[in-house]
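Student: I have a structure I would like to understand better, so I am pasting it below and will then ask my questions one at a time.
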Amino acid sequence: MDKLELLKKRLKELKKVAIAYSGGVDSNFLMSVARETLGKENVLAVLCSGAMLAQADYQEAVQLLKDKDVQYEILAMDVFTVPEFAGNDKKRCYYCKKNLMSKIIEMAKTQGYEVVLDGKNLDDAKVYRPGAAAAQELGICSLLYECGFTKQDIRNVSRELGIITWNKPSNACLASRFPYGTQLTAEKLKQVEDAERCLKELGIDSGRIRVHDRIARVEVAKEDFKCLLEHKDFVNKVKACGFDYVTLDLEGFRSGSFDL
């Protein structure tokens, strides 16, 4: 039995599921397969909104849900009520995910959904993902991981199924742009969101703005260096977001570079 058929089999066994949804490659694939396998009435997507998520990503996630005609709920989160998030603790993601997933479970139960799924895949087990431990402790079901899906598997099958997020760049919580121990505020996260919008305006979707006080360290793929250097106004636009200096990281883009 191939991985997709195994996933469908497990979904049918569960009969009715809620999905912790972000609009990313993994959760959108899971939601799409669940919607087709179980029908609209048996799938609930729960999308969290808050300062940790760029507004453009939030709006795109909502649109994806509407396009798929999926039942969904929006869970507004004040992440700064979690002290470890506000202080950008090394285990920030663990404490934040524990808080967030607990609320998703509560919401799902009020709608009659006893099983909550997340988008964890096999590759997530190979990198620093403290939030995954929190989800496991709460009894969140990771079907993609259970069925043996890697990130590339999810992209490949998504493409075969015509799911438009198959080639969507990976993204992460805006807090990941700051060194651990940095006190986070809504204003700082918005500053990063605005600066990264400057990258997207150049067609660079997988870049990051890493923050070192008043310095913006720009991480993009090395093939995008020329694009940045050719656009003379890029530096001024990023400075206008509240930075004194804009630097280009010569190592290029690395996911989770503050964890390395």
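The values are calculated or read from the model by the stated rules, or taken from the named source; none is laboratory data. Bear in mind that the values here come from a model prediction, so they are computed numbers and not experimental data. Cβ: placed from backbone, ideal geometry, glycine included. Neighbour counts: every protein chain shown. Ligands, DNA and RNA are excluded from the accessible area calculation, which covers all protein heavy atoms including side chains. Shrake-Rupley method; radii C 1.70, N 1.55, O 1.52, S 1.80 Å.
Student: Can you give me the accessible area per residue for segment 76-120, using a 1.4 Å probe, in Å²?
Tutor: 47
Student: Of the heavy-atom accessible surface of the chain (probe 1.4 angstrom), what whole percent is carbon and sulfur?
Tutor: Reported share for carbon and sulfur atoms: 50 percent.
Student: Report, in degrees rounded to the nearest 10, the 0 to 90 angle that the Cα long axis of helix 25-38 makes with the longest principal axis of the chain.
Tutor: The answer is roughly 20 degrees.
Student: Using Cα atoms only, what is the angle between the long axis of helix 55-67 and the major principal axis of the chain, expressed in degrees (0 to 90) to the nearest 10?
Tutor: Relative to the chain, helix 55-67 is tipped by roughly 30 degrees.
Student: Between helix 3-14 and the chain, what is the angle of the helix's C-alpha long axis to the longest principal axis, kept within 0 to 90° and rounded to the nearest 10?
Tutor: 60
Student: Determine the per residue accessible area of segment 174-248 with all protein chains present and a 1.4 angstrom probe, expressed in square angstrom.
Tutor: 50
Student: Which whole-Hz ³J(HN,Hα) couplings does segment 234-250 yield from phi under the Karplus relation 6.51 cos²θ - 1.76 cosθ + 1.60, θ = phi - 60°, glycine and proline marked x?
Tutor: Listing the rounded values in order: 4, 4, 5, 5, 5, 4, 5, 7, x, 10, 8, 9, 10, 10, 9, 6, 6 Hz.
Student: Express the accessible area of segment 12-62 per residue in Å², computed with a 1.4 Å probe while the remaining protein chains stay in the model.
Tutor: Roughly 34 Å² per residue, with all protein chains present.
Student: Calculated from DSSP H runs of 4 or more alone, at -39500 (n - 2.57) each and per residue, what is the 222 nm mean residue ellipticity of the chain, nearest 500?
Tutor: Value at 222 nm, helices only, nearest 500: -13000 deg cm²/dmol.
Student: A follow-up question, please. Can you compute the charge dipole magnitude of the chain about its Cα centre, using +1 on each Lys and Arg Cβ and -1 on each Asp and Glu Cβ, nothing else charged? Give it in debye, rounded to the nearest 20.
Tutor: Using Cβ point charges on Lys, Arg, Asp and Glu, the chain gives about 240 debye.
Student: Among Leu228, Leu174, Leu53, which one shows the biggest mean-square fluctuation in a GNM of the chain, springs joining Cα atoms closer than 10 Å?
Tutor: Per the Cα network of the chain with a 10 Å cutoff, Leu228 tops the list.
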